[in-house]
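A short worksheet on the structure shown next.
The values are calculated or read from the model by the stated rules, or taken from the named source; none is laboratory data. All figures in this text were calculated on a predicted structure; none of them were measured in a lab. Using ideal geometry, Cβ is built from the backbone for each residue, glycine included, and neighbour counts are taken over all protein chains shown.
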Amino acid sequence: MLLIIIKKIKDLKNLFCKLFQHEIVVKTDVTKIVKEYECIHCKKQFTTSDKGKLIPLTTKRKETNKVLKSLYQRRKKIKKLIPNGRLKRSSL
Ligand SMILES: [Zn+2]
């Protein structure tokens, strides 16, 4: 009985998304531009495509984002180490 109610609520939530739109919130920052989103109603996940559009988050996309994030973090770290983008010979 409880399961049926839970399923009904879930259906209602999906209906809400169908009637209106997904109410998405940022879940993870991948890069400055690429982010991972989640709908607060149906828990469907989205991400930013290379064209800047919102697309469903697939397993493949998730993997790509993971790589992208680690690359981005590494670049950010390097930028922090070298503030003006140039290596100083004396500091090496
Ligand atoms: Zn939704």
Please determine whether any residue of segment 5-25 is among the β-branched types (Val, Ile, Thr) and modelled with pLDDT of 85 or more.
yes
Subset of segment 56-65, residues outside any loop (DSSP other than H, G, I, E, B), surrounded by 12 or more Cβ atoms within 10 Å (Cβ to Cβ) and not β-branched (Val, Ile, Thr), comes to Arg61, Lys62, Asn65
Being exposed (fewer than 10 other Cβ atoms within 10 Å of the Cβ) and of a type outside the set (Phe, Trp, Tyr): is that true of Lys53 here?
yes
Is it the case that segment 40-50 has a residue that's under 14 Å from the mean Cα position of the chain (by Cα), modelled with pLDDT under 85 and part of a loop (DSSP other than H, G, I, E, B)?
yes
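So if I check each of Leu12, Leu68, Leu3, which one is part of a helix (DSSP H, G or I), aliphatic (A, V, I, L, M) and under 16 Å from the mean Cα position of the chain (by Cα)? It would help to see each step written out before you state the result.
Numbers: Leu12 fails: under 16 Å from the mean Cα position of the chain (by Cα); Leu3 fails: under 16 Å from the mean Cα position of the chain (by Cα).
Sole residue among the options that is part of a helix (DSSP H, G or I), aliphatic (A, V, I, L, M) and under 16 Å from the mean Cα position of the chain (by Cα): Leu68.
On the basis of being modelled with pLDDT of 90 or more and among the charged types (D, E, K, R), does Arg86 make the cut? Walk me through how you get there before you give the answer.
Numbers: modelled with pLDDT of 90 or more: no; among the charged types (D, E, K, R): yes.
In short, no.
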Evaluate the following for Ile82: is it of a type in the set (Val, Ile, Thr) and within 15 Å of the ligand (Cβ to nearest atom)?
no
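Looking at the structure I just gave you, is Glu36 at pLDDT 90 or above and surrounded by fewer than 16 Cβ atoms within 10 Å (Cβ to Cβ)? Explain how you work it out, then say what you get.
On the way: at pLDDT 90 or above: yes; surrounded by fewer than 16 Cβ atoms within 10 Å (Cβ to Cβ): no.
For Glu36, the condition - at pLDDT 90 or above and surrounded by fewer than 16 Cβ atoms within 10 Å (Cβ to Cβ) - is not met.
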